[in-house]
Structure formats: structure tokens, C-alpha cells
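S.K.: Before I ask anything, let me first share the structure, which is written out below as C-alpha cells.
The values are calculated or read from the model by the stated rules, or taken from the named source; none is laboratory data. Quantities reported herein were computed from a predicted structural model and do not represent experimental measurements. Please note: Cβ atoms are built from the backbone with ideal geometry, for glycine as well, and neighbour counts cover all protein chains shown. Keep in mind that these areas ignore ligands, DNA and RNA; they rest on the heavy atoms of the full protein, side chains included. Shrake-Rupley method; radii C 1.70, N 1.55, O 1.52, S 1.80 Å.
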Amino acid sequence: LHRAIGAEVLISPHRTCINVDCPDHGKPLQNPHKPFLCHLFTVDRGVLPIRVLTLYCKACRTTYRPNYSVSDADSPLSVRRYHKGLPDVIDASEHYYFDTRFMSLVRAQMAFAHASGETVARIYNLGLSGDVNHPHSMDGDHVWQAFYLHALLLDAARRTEILCLPHRGKQAERFRTALALRNLRMAGTGQPQWAHACNECEKVSGSADPSQPQSIACVMDGVTLGHPRCIVTHCVGRLSSPRDRFCEDHSHLSKVCAIDGCQEPCSDGMRTCGIDTHRAFEKRQRERGQAFYRLKRRMETKDALAALGRGFASSPDLDPDPQLINQRTLAPKAPAPEQPLTWHGIRAWTHNEQLIVKCCGVLLSRATFYTAESPSNCLRFLLATFPSHYPRSRPSFCFFDNNCILLKHILATNESRLQGMGLPVDVFHAVTKHKDTDEFCRMNCNPATFPELYDQVHRKWIFNSSAAEQTNAWFGQFQPLVREMREENHNFFLDEMILIHNEWQVAVLFKRGAQPRLVPIEEL
């Protein structure tokens with residue numbers, strides 16, 4: 001493969017057919033077409049014009065491009081098979097390529113500056129390319145497409161597998177299945193640092209004898225972050241578009257009146273039926289979302305207050321008239337107001353993202369809670385992160401700000417798979433949020449009742465129980481980026497940001513002398 005930096009022609013690394021089922025296997029490939037013009041985004045040389053050369057094997061009808069090969073490209077079911085390893089350049093689209101070195105900068109900007117694809121493109125056009133008016137300047141779509149493809153190629157390289165994507169269709173749609181599959185692998189135990197251990201999250205308890213059992217602590221917490229979801233309660237179906245209100249299974253409800261309890265069909269292009277009160281309710285809801293409505297209400301409130309002030313000023317006697325008071329007292333009571341209307345005519349978002357963080361700052365796992373940070377959801381998350389087939393993966397302690405309620409739920413359901421794991425409340429919330437009169441919490445979840453958590457000699461806590469709160473300050477800033485993403489893009493992006501954060505955090509721990517390491521799976 002010619003290195004793209006300074007090369008005139010970009011060509012496939014394979015010069016002979018690699019299809020073992022092809023009769024011309026091992027024979028030189030043909031060059032049926034002239035090179036076509038493309039542009040390469042580089043770190044240090046701006047936007048470079050390059051020529052891309054396509055090779056072809058007539059026997060098996062396979063086309064070889066710089067990043068992939070595809071057999072029978074005209075078929076609607078054709079598949080791109082990307083070459084093994086990470087290439088020097090990434091084909092973000094048909095005519096735009098990204099230098100792989102630049103993708104490292106893109107990932108760092110997204111992870112630590114919380115930059116969107118559009119922001120990265122503006123930084124590049126203004127700061128790196130040196131020509132903001134370049135006819136082939138970078139845009140946000142190019143950055144997002146390159147980011148997802150680069151991350152998928154990295155994932156395939158880590159697993160020593162070949163990335164396969166559909167050849168037909170738009171670039172953004174091409175990634176959907178691959179993103180969803182990677183999200184499934186990441187759930188629970190999928191993060192590369194899931195088996196992390198170091199001297200800051202693993203301590204010898206009891207004595208300084210290394211043969212004594214180790215105490216391992218982590219923290220669980222939620223952060224308000226989410227993606228659009230189906231508005232049907234407890235439905236976890238995937239939306240076709242972030243702009244939808246219902247998933248495919250409940251899409252028929254979009255034709256029913258959005259007022260709760262009404263089953264009449266919608267009409268006139270509105271989300272309510274023809275009943276006057278329902279239609280008027282929707283119009284009021286639509287008006288409230290407009291700036292003119294809010295400004296008009298503000299003006300009416302100001303005029304009412306001014307009129308009230310003038311009325312008091314012009315009154316000769318501010319003492320109330322007893323006769324008027326008696327008339328008000330004897331007047332019949334007004335009828336009770338009707339039950340106000342409620343509706344589901346607007347979109348809904350997932351409730352929060354739940355994180356499990358080692359006390360050293362390394363993130364182990366992430367999960368999306370759709371409707372609530374309930375004890376049942378937290379229990380399922382813990383069981384998915386520390387499954388029973390890895391019994392030694394369970395930490396000795398898991399801090400959580402609502403562990404007293406979680407422990408009650410565990411006892412009520414007779415759940416035994418977390419037996420032996422201490423569930424203290426983190427120190428900050430134990431002091432500020434939990435009452436001293438709560439006998440159950442005081443006896444079972446008070447961190448001071450666990451001698452392994454406090455160093456009596458140095459008078460300090462052994463583990464950082466606020467690690468999740470500190471991580472949330474970084475993680476929560478992704479909300480503007482992911483709020484309008486599709487579910488699979490949302491989950492993939494956040495998992496990739498966690499992966500990048502963990503790589504950086506492990507490097508920090510190494511510099512601090514914490515001896516970060518991965519526990520072999522067979523030991524768990």
C-alpha cells in the first residue's frame with residue numbers, strides 16, 4: 001500500500017486475487033479504469049488531492065479498493081470485506097479520505113473536549129488546513145462517518161477479525177448493523193478494561209500480609225443522559241428515526257389521538273382527533289413552544305400587576321368591607337374543576353445512563369435505564385456486569401447512593417448471586433442525604449460499619465467512594481452530542497468514549513505507580 005501522505009495514487013494492498021474460491025486465485029489483478037480524483041484530509045499538510053486506483057478480477061467479479069474488496073458489486077446484497085489491520089487512510093465517503101493519524105486527534109477531541117463532528121470540522125478548516133474557503137473543505141458528516149468506520153476497524157483489529165459491511169446504500173445506514181452488534185458485545189463485560197485492577201482500587205485487607213484476601217471496590221451511579229425512545233411505557237423498541245414518537249411495533253398509535261384515554265383517530269394532519277377540547281389543547285401546547293406565546297404571557301402578567309397596583313393606589317380605604325366578606329362566605333362553592341387533560345404528543349427520552357466505576361476512575365460498564373433508576377434495574381445491571389460464571393469478578397464492595405433501597409430489594413427477591421458483596425452508601429451521600437433515624441440504612445449500609453473501608457492508623461478512607469460522581473462531571477457533558485442520536489449510534493459513541501477515557505486513565509495510573517493490570521479471565 002502506497003502511503004497516502006505524498007503519494008499520487010492510492011491503491012489496494014492486494015495486487016493479486018485473494019479469493020481462494022476463484023479460478024484466478026493468486027493471479028495479477030487488472031486495472032480496467034483510470035484513477036479518479038479524491039481528496040485526503042491530513043494532519044500537517046491540509047487537504048491533498050489524490051488519485052484512487054481500482055483493481056478488478058474478472059473471474060470472481062471482485063473489485064479491490066484501497067480499504068476493502070467487494071464481490072459482485074452490482075448485487076443489492078453485496079458485502080464490503082475490509083482488509084485486515086488498520087489502514088493508513090480511512091474512506092469516509094466515495095471521494096474523501098482521512099489520514100489515520102488525524103483520526104487519533106478526532107477521537108481525543110471528542111472524548112476530552114466533547115467536540116461534535118461539526119466542531120472538529122470547523123477546527124480543521126480554520127486551524128489545520130489553513131484554507132477555510134477550500135472547495136473541498138471538511139464537514140461534520142465526513143467526520144462522523146470517518147469516526148464510526150475507524151472505530152469499527154479498530155474493534156475488528158482488536159478481535160483479529162475482518163470487518164464486513166453492506167456495499168449498497170448510504171454510508172450512514174451502512175454502519176447500523178455493525179454498530180448494533182458491537183453494542184451487544186460491549187454490554188456487561190465487553191469493555192477492554194472490564195477486568196482492570198490496580199493498587200488504588202484493590203487493597204489488602206486485615207494486615208500487610210500479601211497472602212491476605214484483597215478488597216476490591218467500585219462505585220455505581222447514574223447520570224442524566226439519554227436518547228429518544230418509544231413513548232409507550234416500558235417499551236424498549238428501537239425507533240426508526242430519532243424524530244419518531246413510537247417504535248415500529250407501536251407505530252399504529254401515531255394515528256390515534258394523542259390525548260390520554262382517547263381512542264379516536266387523528267385528523268387534519270394534527271396529533272389529536274376532531275373533538276374541540278382535544279384540538280384546542282393541542283393548539284395551546286404548540287403555542288407554548290413558540291417564543292411569541294411566552295413573550296405575550298410575560299406582557300399580560302406585567303399589565304395585570306400594573307393594573308393591580310393602580311387599583312390599590314386609587315382605593316380610598318384599604319380595609320375590607322365586612323358585608324362583602326359575608327357575601328363571599330355565604331356564596332355557593334364553585335363546582336370542582338374538571339380533570340385536566342394529559343397527552344403523549346411529544347417525544348420521550350431515556351431516563352439516565354448508569355455507570356459502574358472502579359475507585360481508581362476506570363469505567364467498567366455502562367447501561368441505559370429507560371424509565372427509572374429503580375432497584376430492579378440496578379440489580380440487573382450489577383448481575384450483567386459481574387455475571388455468575390465469573391464469580392471472582394465481583395468486587396468486595398460496591399458503593400451506591402441508594403444502596404439501602406437496593407439491599408431491601410435484594411432481600412425481598414431472595415437474590416443470592418451477589419452474596420458476599422458489601423453494599424455501603426458512598427461517604428458523601430451517607431452524610432448529606434441519608435437520615436440518622438433510618439435504622440436499616442444505619443445498620444447495613446453505613447460505610448463506617450465496614451472496617452475494610454477506613455484506615456484507622458492514617459485516619460482516612462481507603463477507597464475513593466466519589467469516583468463515579470467525579471466521572472459524571474466528564475460523562476454528563478456528552479448530553480448535547482447524543483441527545484438526538486439514534487439508539488445504536490448513541491450507545492456506540494458512549495462506549496467508545498469510555499474506551500478512550502480508560503486508555504488515558506490507565507496511562508495516568510501507570511505514571512502514579514499504581515501498577516494497572518488486567519486480571520486473566522481464567523482467574524475470574
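Here's the yes/no breakdown for (1) of a type in the set (Val, Ile, Thr); (2) open to solvent by less than 60 Å² (accessible area, probe 1.4 Å):
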{"residue": "Ser416", "(1), (2)": "no, no"}
{"residue": "Val427", "(1), (2)": "yes, yes"}
{"residue": "Lys433", "(1), (2)": "no, no"}
{"residue": "Asp438", "(1), (2)": "no, yes"}
{"residue": "Thr449", "(1), (2)": "yes, no"}
{"residue": "Lys460", "(1), (2)": "no, no"}
{"residue": "Ala467", "(1), (2)": "no, yes"}
{"residue": "Thr471", "(1), (2)": "yes, yes"}
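S.K.: Regarding segment 75-92, can at least one residue be identified that is more than 22 Å from Leu152 (Cα to Cα) and out of contact with any helix residue (DSSP H, G or I) (no Cβ under 6 Å at 6 or more places or on another chain)?
M.R.: Looking for residues that are more than 22 Å from Leu152 (Cα to Cα) and out of contact with any helix residue (DSSP H, G or I) (no Cβ under 6 Å at 6 or more places or on another chain), one finds at least one in segment 75-92, hence yes.
For (1) at pLDDT 90 or above; (2) among the hydroxyl-bearing types (Ser, Thr, Tyr); (3) open to solvent by 10 Å² or more (accessible area, probe 1.4 Å); (4) not in a helix (DSSP H, G or I), each residue gets a yes or a no:
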| site | (1), (2), (3), (4) |
| --- | --- |
| Ala121 | yes, no, no, no |
| Asn133 | no, no, yes, yes |
| His136 | no, no, yes, yes |
| Trp144 | yes, no, yes, no |
| Ala156 | yes, no, no, no |
| Ala172 | no, no, yes, no |
| Arg185 | yes, no, yes, no |
| Gly190 | yes, no, yes, yes |
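S.K.: Do we have Gly226 as touching a residue at least 60 places away in the same chain (Cβ under 8 Å), surrounded by fewer than 22 Cβ atoms within 10 Å (Cβ to Cβ) and either of a type in the set (Gly, Ala, Ser) or assigned to a strand (DSSP E or B) (or both) here?
M.R.: yes
S.K.: Looking at this structure, is Pro480 modelled with pLDDT of 90 or more and either loosely packed, with under 14 Cβ neighbours inside 10 Å or of a type in the set (A, V, I, L, M) (or both)?
M.R.: Yes, satisfied.
S.K.: Could you run through segment 255-292 and say how many residues are of a type in the set (Ser, Thr, Tyr), outside any helix (DSSP H, G or I) and surrounded by fewer than 16 Cβ atoms within 10 Å (Cβ to Cβ)?
M.R.: The total comes to 1.
S.K.: Of (1) open to solvent by 20 Å² or more (accessible area, probe 1.4 Å); (2) within 18 Å of His142 (Cβ to Cβ); (3) of a type in the set (Ser, Thr, Tyr), Tyr56 satisfies all except one. Which?
M.R.: Failed condition: (2).
S.K.: Same structure, new question: Going by the structure shown, is Val9 among the aliphatic types (A, V, I, L, M) and in contact with a Lys or Arg (Cβ under 8 Å, 6 or more places away or on another chain)?
M.R.: yes
S.K.: Can you confirm whether segment 7-16 contains a residue that is over 23 Å from Cys164 (Cβ atoms), open to solvent by less than 90 Å² (accessible area, probe 1.4 Å) and not aromatic (Phe, Trp, Tyr)?
M.R.: Within segment 7-16, one or more residues are over 23 Å from Cys164 (Cβ atoms), open to solvent by less than 90 Å² (accessible area, probe 1.4 Å) and not aromatic (Phe, Trp, Tyr).
S.K.: In segment 17-46, how many residues are open to solvent by less than 60 Å² (accessible area, probe 1.4 Å) and more than 19 Å from Arg81 (Cβ to Cβ)?
M.R.: Residues flagged as open to solvent by less than 60 Å² (accessible area, probe 1.4 Å) and more than 19 Å from Arg81 (Cβ to Cβ) within segment 17-46 amount to 9.
S.K.: Another question about this same structure. Determine whether segment 488-508 contains at least one residue that is under 19 Å from Gln214 (Cα atoms) and assigned by the TED database to the domain that holds Lys203.
M.R.: no
S.K.: Of the numbered conditions (1) modelled with pLDDT of 90 or more; (2) open to solvent by 40 Å² or more (accessible area, probe 1.4 Å); (3) over 30 Å from Glu248 (Cβ atoms), Arg442 fails exactly one; give the number of that condition.
M.R.: With respect to (1) modelled with pLDDT of 90 or more; (2) open to solvent by 40 Å² or more (accessible area, probe 1.4 Å); (3) over 30 Å from Glu248 (Cβ atoms), Arg442 is out only on (1).
S.K.: Right, next: Go through the residues of segment 359-378 one by one and say whether even a single one is surrounded by 19 or more Cβ atoms within 10 Å (Cβ to Cβ), without any contact (Cβ under 8 Å) to a residue 40 or more places away in the chain, among the hydrophobic types (A, V, I, L, M, F, W, C) and farther than 19 Å from Phe493 by Cβ.
M.R.: No, that holds for no residue.
S.K.: Also, quick follow-up: Which residue pairs have Cβ atoms under 6 Å apart, sit 6 or more places apart or on different chains, and have a first residue in segment 119-141 that is farther than 16 Å from Ala92 by Cα and a second that is part of a helix (DSSP H, G or I) and open to solvent by less than 80 Å² (accessible area, probe 1.4 Å)?
M.R.: What qualifies is Val132/Asn125.
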